[in-house]
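The values are calculated or read from the model by the stated rules, or taken from the named source; none is laboratory data. Just so you know, these numbers come straight off a predicted model, no measurement behind them. Cβ: placed from backbone, ideal geometry, glycine included. Neighbour counts: every protein chain shown.
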Amino acid sequence: MAMATTHRFPQFKYVDAVRWLPLQSPFHRFAVLALFDSDTDSSSIQIHSFNPNPLSFDSQFSWPSPSRISSLRTSHFLQKPLIVASTSSGSLHFLFADPSHAELLSEASLPDAALHSLPASSVDLMDAAVECVTVGEDGRVNLVNVGESNLSYRRIFDSGGLVSYTAVRWASPMEFATGGYGFSLQWWDQRKPGGPVSQFKGDWDKKLTSGIVHSIDIHPSRKHTCLAGGSLGTVFAWDLRWQQQPIILSGAGAGNAAVQSISESEVWEVQYDCCIKSNTSSTRILPSMICSEDGILGVIEQGEEPVELLAEPCAINSFDIDRHNPSDVICSLEWEAVAILTRQ
Amino acid sequence: MASDTVGNGSLVPFTGDSAAVYPLHHGLPLPISRLSISWSRGNTLRLSLFAGAAAKVVEVKVNSEDSEIPDAHWRRIAYGSVAPFALLQSQRSSISSLLKTPSPYHSDWWEHVLQYSKEIGTLLGGSKLTNSPIIEGPNILVKTDEMPTCLQAAWELIEIFYVDKQSQAWLPERLVDWLADYDSLFTSTHETIHGKLVDFQKELGNIQVIEDDPRYWDLLSSALSVGWLDVVVRMLRLHGSYQLDQLSNRELENGLVEAVAVLISKMPRLRPESDGKLGDCYKSKPDFIKAWEKWRSQITKLDHSPFWIQCDNQQTHEGLRNLLQIMLGNIESLCLATCYWIELYISHFLYIRPFTMGIESMYNLAEKCIQLKPQSSIHRLTGLMIGILEENTEVVLAECSREFGPWLVAHAIELLTTGSEQSEILLHEDRYNLGGISIVELHRLAYAQILSSHALTWQIAPIYLTSCMKQGMGLLENLLYRQSVQHNDVLLKNIEICRLYELDHISSNIMKIAGVYHWKHGHKGAGVFWLQQAQDRSCLDRIAQQLFDSVGKSISDESFKKWEGMIELLGSESNPAGGLEFLHKYRDFKKSLKKVSGGKSTDAARQAVGSLILLMKNPSTPQRFWLPLLHDSLKLLNWQDCPLLSVSETNLLLNKLQELSLAKLCAHYTEPSLPPNALSSIRLALATNLGRAILDE
């Protein structure tokens, strides 16, 4: 276990997702929680302020959501924090927050089933912009733009259910990557419409049982590498320049003794860990953090032993590394709680 | 619903306690013509109401009986108790495998159980509440902000009697502490010393001369009788004679008050450590007896002191001497000072029989106390306490179950079995009247059932089910099959649980169900993925036929792009794809054909022919594709440079054509949409090729 101070905050509500709110304030830290109250069958997005000394984690603001949140992202636009959430009924919501008071300034939504017909959809927000990409299990890929007062969207692909997408991530203002069943990854370029420009085939190992990609991350300095996490503790990197050869970083099914597996079940989220300064030669994959169904929050680095930050008796559904203070990590625990870690 | 439908024409005569009434807000015009009731998730009733053409479904949450702990807190307790429970079970199984006996009754076993009990105790109440030594202000006698729960009190009571062997020697003192922590809980049903103290504390600021108030002396004797020494001493120091302006003319009175206060704070206690409380602690019995005798003689001496006559404040005089009587164990004074039988019982331990006695004599003493202080209403903790003192495990279980619900029974049963081999046998033997399972298993199953009924807790039920030898696995299978396959997170959790408990056959069935569900809902990719994971060849074959219909319709290259992702999903030949592997080969053929269409490379053309032959040989290639495939390959058949197909290959294709013409006579044959002369041009091309090939060979 690595050295870290952990604080747990029971919520008495199921935490569907957590994100830090990117806000540069010396006194306040804000986290966004997507909550589901099973007693009243209602969902909400709440902004909590975190204070390490004296310790507090209090709700500042709550926005009632029409249904459960399936994907949550935060970003900032013109120095204003921006939250985007997709729901299980297929609606999409943009919330603009007030940085000084953590209040909601405005909200814009797309109604149910406008974008996706299926429960699960994944969304990603472009950094410092208001362009958003959504993908769903129904096989649709949409681009959503926030205008002055309204949202506009266009569907750039529809596989008609032949292919389902479970994860999406922007690589550049023109390109993004998606992931889906069978450990598949697709690379898209808005300048080349009509379908993915490149596909990564999942069956790199004949012995490997297949799985689903749950999360993708792309580092701004290495846009050609796509990091993906999914079933069976699998984390791999796909370098566009080495088309069909993945670099396996963790995975129970990998059948490769040289790769240690940090988890054996679903890796729900993966993010590059900017906190760890490694001796980065450009050939190595940058260190990354994962959270898993079997309760692991840990850091993996190519060729190194994985480091566990947290080993919980319940699943860790999502986590986020604070981009301004990368030593701080927030994660949501399945047993209706949130944990905040501060690494030494 | 109109209440009179229940009142006037009830179907089942209702007896017993008054019924709970849940008002419904349905907004339908009366009368309601039809009503159907079913259980929804958890303890929610789903009512479908029909009134004429209008209908509405309403859900009514039937309140859980325990209003003390809200549902969300119950869930937190449920989550938190998983790890200690699982640890204890694994310790139990490792010990019993070590000893090769089914019973884990072992000399050190209670230490494991105690650790378990302490962890659950912490979960229930956080840090232990301390009643007395908080001095926050002069007017604070008892803490009122944090209320303990009955559940916590019940757990600790069971722990005191059944588990903690180490402190068995100072059991009376542990009961004293227990009452100090939880006396406030009894306020709900009767008057308690804690309740009286709280009331008095509220008025404390308004009382001018405290020692003139009779309640002051009443409460002093009450608090002393149950051993709250800190409260008593603090209250004594509020006595008016301590005030600086009065000290000079009330010197003697003050001396007496202080003497009593010192005596109280020096009371010998048979307990290991003081925990910051007043009193002199003695670990060994002989030391304690010596100190006890000495202390009693000091009290007697003070009681007979001549100073009392000189004390002119009548109330102080009487009040202080009453305190001395309490300390000397005067039964009448104790009876007057205490409010209900448990308080009286505790005072017996403190001032009359301060030594541990057998549980039987403890029970007799309790009976005596109940006679002296008959109870008008019974508190839920009282029943439990009597059951424990009666040494009747079944009564204890019944009380736990009736008053505190399945969580407590399922978890406290671990504590009950540590006491004796007898109760171990009682609880663990299989019983015919319970369907061949033991009492322990029955209660675990009941608790697991509660967990299973809630969307957030069903995933911890397997921990309890797998600890049930007889029926646990069967119910676990039921539970897993019952979960929805609609959402990936639930589905994947389900599969994860199967993996943990090595239930491969269930997980493969669940994946099949998921596959069919997704297929039916038009998510063809997801459907194929799950059927592949389940290795369900027959299902894949069947859906393949449906899939080819849509492929056949969109044979043009543009729309085929949509299929690319799906074909990628099918993966290599090693993955079971059933009839779908045709798609893979078809894609390969299409690709090589595309290469040929532009250039004149014979190698590329040969490759395409290879793909074509593979496709035509493969039994999984649907018949309806034969003609379009051949039509697409006309260019290959008529290749300029040389014949690409050998004689045998050409014969194979001709045979296929023959088969097709026979199939045309069948009823289900569907004509592919091809140009009218397609068949004849294929025949011609094949014949030409055959001729050229024969010449070549």
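Go through region A:172-187 and give me each residue that's crowded, with 23+ Cβ neighbours inside 10 Å and more than 12 Å from chain B (Cβ to nearest Cβ).
A:F176, A:A177
Among A:E305, A:E336, which is the only one that is over 18 Å from the mean Cα position of the chain (by Cα) and more than 27 Å from A:S43 (Cα to Cα)?
Of A:E305, A:E336, the one residue that is over 18 Å from the mean Cα position of the chain (by Cα) and more than 27 Å from A:S43 (Cα to Cα) is A:E305.
In the set B:R431, B:R402, which member is under 22 Å from the mean Cα position of the chain (by Cα), at pLDDT below 90 and surrounded by fewer than 23 Cβ atoms within 10 Å (Cβ to Cβ)?
Testing whether each residue is under 22 Å from the mean Cα position of the chain (by Cα), at pLDDT below 90 and surrounded by fewer than 23 Cβ atoms within 10 Å (Cβ to Cβ) leaves just B:R402.
Of all residues in region B:455-466, which are closer than 21 Å to A:E312 by Cβ and over 9 Å from the mean Cα position of the chain (by Cα)?
Within region B:455-466, B:A455, B:P462, B:I463, B:Y464, B:T466 meet the criteria.
For region B:478-487, indicate whether the set of residues that are touching a residue at least 60 places away in the same chain (Cβ under 8 Å) and either more than 16 Å from the chain's Cα centre (by Cα) or away from chain A (no Cβ under 11 Å) (or both) is non-empty.
no
Which of the residues that make up region B:448-471 are crowded, with 21+ Cβ neighbours inside 10 Å and more than 21 Å from B:R75 (Cα to Cα)?
Scanning region B:448-471 gives a single hit, B:C468.
Could you pull out every one of the strands (runs of 3 or more DSSP E) wholly within region A:5-79 that has 3 or more residues that are over 21 Å from the mean Cα position of the chain (by Cα)?
Here the list reads A:42-52, A:55-65.
Residues are listed down the side, and each one gets a yes or a no for (1) of a type outside the set (D, E, K, R); (2) within 24 Å of the chain's Cα centre (by Cα); (3) at pLDDT below 85:
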site	(1), (2), (3)
B:S420	yes, no, yes
B:E424	no, no, yes
B:L427	yes, yes, no
B:I437	yes, yes, no
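Would you confirm whether or not region B:676-690 contains a residue that is farther than 24 Å from B:L583 by Cβ and β-branched (V, I, T)?
yes
Which pairs do you get when a residue that is part of a helix (DSSP H, G or I), found in region B:281-292, comes within reach of a residue that is modelled with pLDDT under 90 and among the acidic types (D, E), reach meaning Cβ atoms under 7 angstrom, with the pair 6+ apart or on two chains?
B:A291/B:D280
Just give me the residues in region B:23-47 being modelled with pLDDT of 80 or more and either assigned to a helix (DSSP H, G or I) or surrounded by 14 or more Cβ atoms within 10 Å (Cβ to Cβ) (or both), in sequence order.
B:L45, B:R46, B:L47
Restricting to region A:188-200, give me the number of residues that are in a strand (DSSP E or B) and within 14 Å of chain B (Cβ to nearest Cβ).
Here the count works out to 4.
When you scan region B:310-320, do you find a residue that is in a helix (DSSP H, G or I) and either closer than 16 Å to B:F355 by Cα or of a type in the set (K, R) (or both), even just one?
Within region B:310-320, none of the residues are in a helix (DSSP H, G or I) and either closer than 16 Å to B:F355 by Cα or of a type in the set (K, R) (or both).
Take the residues of region B:79-88 that are more than 9 Å from every other protein chain (Cβ to nearest Cβ) and crowded, with 18+ Cβ neighbours inside 10 Å: which is farthest from A:K13 (Cα to Cα)?
Among those that are more than 9 Å from every other protein chain (Cβ to nearest Cβ) and crowded, with 18+ Cβ neighbours inside 10 Å, it is B:L88.
Please tell me if B:L344 is aliphatic (A, V, I, L, M), touching a Lys or Arg at 6+ places or on another chain (Cβ under 6 Å) and part of a helix (DSSP H, G or I).
yes
Every residue, every condition in (1) closer than 30 Å to B:K664 by Cβ; (2) within 14 Å of chain A (Cβ to nearest Cβ); (3) in contact with a Phe, Trp or Tyr (Cβ under 6 Å, 6 or more places away or on another chain); (4) modelled with pLDDT under 80, yes or no:
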position: B:Y517; (1), (2), (3), (4): no, yes, no, no
position: B:V528; (1), (2), (3), (4): no, yes, no, no
position: B:Q535; (1), (2), (3), (4): no, yes, no, no
position: B:K561; (1), (2), (3), (4): no, yes, no, yes
position: B:K595; (1), (2), (3), (4): no, no, no, yes
position: B:I613; (1), (2), (3), (4): yes, no, no, no
position: B:M616; (1), (2), (3), (4): yes, no, no, no
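Would you be able to tell me the number of residues in region B:347-380 that are part of a loop (DSSP other than H, G, I, E, B) and of a type in the set (G, A, S)?
The number of residues fulfilling the criteria is 3.
Is it true that some residue in region B:568-578 is assigned to a helix (DSSP H, G or I), crowded, with 21+ Cβ neighbours inside 10 Å, modelled with pLDDT of 65 or more and in contact with a helix residue (DSSP H, G or I) (Cβ under 7 Å, 6 or more places away or on another chain)?
Yes: one or more hits.
Which of the residues spanning region A:130-159 are surrounded by fewer than 16 Cβ atoms within 10 Å (Cβ to Cβ) and part of a loop (DSSP other than H, G, I, E, B)?
Selection gives A:G147, A:E148, A:S149, A:N150.
Suppose we filter region B:486-499 for residues that are surrounded by 20 or more Cβ atoms within 10 Å (Cβ to Cβ) and assigned to a loop (DSSP other than H, G, I, E, B); how many remain?
0
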